[in-house]
Amino acid sequence: MSQTRLIQIEQDILAKNNAYAAANRALLARSGVLALNLLSSPGSGKTTLLVETIKRLRDRQRIAVIEGDQQTSADAARIRETGVPAIQINTGKGCHLDGHMVGHALEELAPQAHSILFIENVGNLVCPAAFDLGEAYKVVILSVTEGEDKPLKYPDMFAAADLILVNKIDLMPHLDFDIAQAVANMRKVKPSVKVLEVSARSGAGLDRWIAWIEAAHALERIGADATAQLSD
Amino acid sequence: MHEMALCESIRTTLEEQSRLHNFTKVARVSLEVGPLSGVEVEALRFGFDVVMRGSVAEGAHLDIIESRGEAWCMVCAESVPIEARFEPCVKCGSHQLQVTAGEELRIKELEVN
Ligand SMILES: Nc1nc2c(ncn2[C@@H]2O[C@H](COP(=O)(O)OP(=O)(O)O)[C@@H](O)[C@H]2O)c(=O)[nH]1
Ligand SMILES: [Mg+2]
Ligand SMILES: [Zn+2]
C-alpha cells in the first residue's frame, strides 16, 4: 500500500561531482601533482598557450595534459607533438568536464609524482565554472578580441578564477580593446583576482606566467612533503 | 546547458532515495536555487521534464524555491543583499563583497508515494 509522504533530504545537487573532485584532489596532493584547470571560450588560445607553455617548461618539469573537447581529438594531438603525454576526453553533447571524467582520465594518464597537470576544459564560459575537477587552481583565459564586457556577462566564471590571463595582446594595436576597463570589470566580480597579460603568439608576458606556475608548483610540493612527514 | 547534467545528477539522487526510503513514484521535487548558482531556471525546468522520463520522477512537479543573494561588504562591515555577482554594494557602491548566500543548488524535499 502506498501513501503520500514528504522526505526532507537537503542534498546539494553538485555533491556527487564535488565528491569525485575531492577524491581527485586527494590523489593529486599525495603525489604532489599541481593541477591547473584552464577555462575560456572557444578560440581564446588555450591550446596554443599550452603548447608554448610546455615548450618553456618541458626541460625541467614533468608535464601531463588532459584535453576536453566535445568532438575532436585535434588538441591532444597538438599537445603530444611537444613530447608530453596527453589524454583526450570527448564530452559529446556535454559542455564541460566533470570530476568523474577527470578521475578516469587520471587513472589512465597516471601523472608522475611532482608533475604539472594541465587540464584544458571545454571551450565555454558558462558551464565549466560549476564543476570542480579537483584542480589546485582555475586559470581563466580571455583574449583581447572578445571584448571588455565578458567578465560582467559571465560573472560566475570570472568569480571562480584564481588567475586570469589576458591573451593575444600582440593584437592590441589593431583593436580598441580597453584592457584597463576589462581588468576593472574582472575586479567587480572578484576584487582580489590576479591578472597577467600574455601573447601565446609573440611570447610576451609568458615568463611571468611560467614563474606563476613554478611558484604554484613549489607550494604544491611543500604541501605534499609536509603531509608525507605528518603521516610518517 | 549544464542544466541537463544537473538534472542527471538529480535523477541519480532520486533513484538512490527511492531505494533508501522505499518509494516508487515521486510526485513533487522541491529545489532551492540561488540567484548566484549560475543556473537558468527555465533551462532547468525544461531539462527536468526531459531527463526524468522513464525514472521514478517521470511527470513529477518541479517546485523551485528561489533563494536570495547576500554578501558581506568589507567596507560597510555588514551583510547586504545582492542579485548578481558584478553588482556593487547597495549601500556604499563598493565591490569589496564576499558572497555569503545565493549559490545554493539543493534538493530540499520530495513528495513521494
Ligand atoms: N594573434 C594571436 N593569435 C593567437 C594567440 N593565441 C592563440 N591564437 C590563435 O587563436 C586561434 C585559437 O587558438 P586555440 O589555441 O586553438 O584556442 P582554444 O580553442 O582556446 O584552444 C588559433 O588560430 C591560434 O593561432 C595569440 O596570442 N595571438
Ligand atoms: Mg583548444
Ligand atoms: Zn558597502
| query | Mind checking which residues of the stretch B:61-113 are exposed (fewer than 15 other Cβ atoms within 10 Å of the Cβ), of a type outside the set (Val, Ile, Thr) and away from chain A (no Cβ under 13 Å)? | reply | B:66, B:68, B:77, B:78, B:79, B:91, B:92
| query | Could you count how many residues in the stretch A:1-25 are free of Cβ contacts under 8 Å to residues at least 12 places away in the same chain and not charged (D, E, K, R)? | reply | 11
| remark: The correct count of residues that are away from ligand 1 (no atom under 15 Å from the Cβ) and in contact with a Lys or Arg (Cβ under 6 Å, 6 or more places away or on another chain) in the stretch A:172-209 is 1
| note | Filtering the stretch A:45-75 down to residues that are within 13 Å of ligand 1 (Cβ to nearest atom), closer than 17 Å to residue A:35 by Cβ and of a type in the set (A, V, I, L, M, F, W, C) yields A:49, A:50, A:54, A:65
| Which condition number in (1) of a type in the set (Gly, Ala, Ser); (2) touching a His at 6+ places or on another chain (Cβ under 9 Å); (3) outside any strand (DSSP E or B); (4) in contact (Cβ under 8 Å) with a residue 24 or more places away in the chain is the one that residue B:5 fails? | (4)
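Would you mind stating whether residue B:71 is in contact (Cβ under 8 Å) with a residue 40 or more places away in the chain, away from ligand 2 (no atom under 16 Å from the Cβ) and out of contact with any Lys or Arg (no Cβ under 8 Å at 6 or more places or on another chain)?
So residue B:71 does not fit the description; no.
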| Whichever residue in the stretch A:102-114 is buried (at least 20 other Cβ atoms within 10 Å of the Cβ) and either within 14 Å of another protein chain (Cβ to nearest Cβ) or of a type in the set (A, V, I, L, M, F, W, C) (or both) and, among such residues, is farthest from ligand 2 (Cβ to nearest atom) | A:106
| Count - residues of the stretch A:1-16 that are closer than 20 Å to residue A:97 by Cα and either surrounded by fewer than 21 Cβ atoms within 10 Å (Cβ to Cβ) or more than 14 Å from chain B (Cβ to nearest Cβ) (or both) | 3
| Only one of A:80, A:62, A:58, A:30 is away from every other protein chain (no Cβ under 14 Å) and modelled with pLDDT under 95; which? | A:30
| remark: If we keep only residues of the stretch A:22-80 that are hydroxyl-bearing (Ser, Thr, Tyr) and more than 15 Å from residue A:198 (Cα to Cα), then the residue surrounded by the fewest Cβ atoms within 10 Å (Cβ to Cβ) is A:72
| query | Does the stretch B:42-58 contain at least one residue that is of a type outside the set (Ser, Thr, Tyr), surrounded by fewer than 20 Cβ atoms within 10 Å (Cβ to Cβ) and at the interface with chain A (Cβ under 9 Å from one of its Cβ atoms)? | reply | no
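Run down A:201, A:221, A:208, A:187 and say which single residue is over 16 Å from the mean Cα position of the chain (by Cα), surrounded by fewer than 21 Cβ atoms within 10 Å (Cβ to Cβ) and within 16 Å of ligand 3 (Cβ to nearest atom).
Exactly one residue qualifies, and that residue is A:187.
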| field | Those residues of the stretch B:24-36 which are small (Gly, Ala, Ser) and facing chain A (nearest Cβ under 8 Å), in sequence order | value | B:27
| request: Using the structure shown, decide if residue A:149 is farther than 24 Å from residue B:94 by Cα and surrounded by fewer than 18 Cβ atoms within 10 Å (Cβ to Cβ). | output: no
| remark: For the stretch B:80-109 the number of residues that are assigned to a loop (DSSP other than H, G, I, E, B), touching a strand residue (DSSP E or B) at 6+ places or on another chain (Cβ under 8 Å) and away from ligand 3 (no atom under 16 Å from the Cβ) is 2
| query | On the given criteria, is residue A:133 under 30 Å from residue A:24 (Cα atoms), in contact with a strand residue (DSSP E or B) (Cβ under 6 Å, 6 or more places away or on another chain) and within 16 Å of ligand 1 (Cβ to nearest atom)? | reply | no
| Can you find a residue in the stretch A:48-68 that is within 24 Å of residue B:7 (Cβ to Cβ) and within 12 Å of ligand 2 (Cβ to nearest atom)? | yes
| query | Which of (1) facing chain A (nearest Cβ under 10 Å); (2) in contact with a Ser or Thr (Cβ under 8 Å, 6 or more places away or on another chain); (3) surrounded by fewer than 20 Cβ atoms within 10 Å (Cβ to Cβ); (4) of a type outside the set (Ser, Thr, Tyr) is the odd one out, the single condition residue B:15 does not satisfy? | reply | (1)
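The values are calculated or read from the model by the stated rules, or taken from the named source; none is laboratory data. Keep in mind the model is a prediction, meaning the values are calculated, not measured. Neighbour counts run over all protein chains shown; Cβ positions are idealised from the backbone, glycine included.
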